[in-house]
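The values are calculated or read from the model by the stated rules, or taken from the named source; none is laboratory data. Computed from a prediction, not measured in an experiment: that's the story for all the values here. Neighbour counts are summed over all protein chains in view; Cβ atoms, including those assigned to glycine, are modelled from backbone coordinates with ideal geometry.
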Amino acid sequence: MINSKEIDLHGPPTSWIENLALEELNMEESGIISYNDQSDPLPYLEESSIELVSRIRERIEFYLNKFNFYRGGRDPSASVKIFKISNTVNDFMLFRNSLKLVISRKTPAVIGVGLFSNTGGIFPARATAVDAPSTNLYHEIVAHVGPFNEISWRFEGEPVNVEAMVKHYLTEFIKHSAK
């Protein structure tokens, strides 16, 4: 019997081993054996993209709570609001002063990030240096499948640091949505 105190809740993700145990139970019950699924990266991409968007949202919510406390506490209209996008797994958007920052899973391997106005315009969010113009108005964070189905997320070929990414997009959104 496993002692729950011995389990490291902050250790590496364990859903893959739980799924493996459930698949084995299903194979025993159905009598159908399937060994080829491991080579298909799609389930890993699906799980990884959901996990990444969840991590991004958690960080954004943390910083928005602080921002809204310091800025929006005095004027509720200055607060940034966060909304879940309906009919999606975990896509979401930020809203303030007719500007939206949308973060959505376009496919299991692509997460899109864009700033949109209520009038239909798209604002470019800087992606690189201050002086460099943005070449793409809608940014894509793309999964890279490496050996052993290891998934890493990249923007313009470079590895993504979630903390830096959240800081960047929140700064861009807040500056563009200021009155």
How many residues are modelled with pLDDT of 80 or more and either touching a Phe, Trp or Tyr at 6+ places or on another chain (Cβ under 8 Å) or among the hydrophobic types (A, V, I, L, M, F, W, C) (or both) if we restrict to the stretch 108-126?
9
Say whether the condition of being among the small types (G, A, S), in contact with a strand residue (DSSP E or B) (Cβ under 8 Å, 6 or more places away or on another chain), part of a helix (DSSP H, G or I) and at pLDDT 85 or above is met by at least one residue in the stretch 60-81.
no
Looking at (1) in contact with a helix residue (DSSP H, G or I) (Cβ under 8 Å, 6 or more places away or on another chain); (2) loosely packed, with under 15 Cβ neighbours inside 10 Å, which is the only condition N65 fails?
(1)
If you take the residues of the stretch 138-179 that are in a helix (DSSP H, G or I) and among the aromatic types (F, W, Y), which of them is surrounded by the fewest Cβ atoms within 10 Å (Cβ to Cβ)?
F148
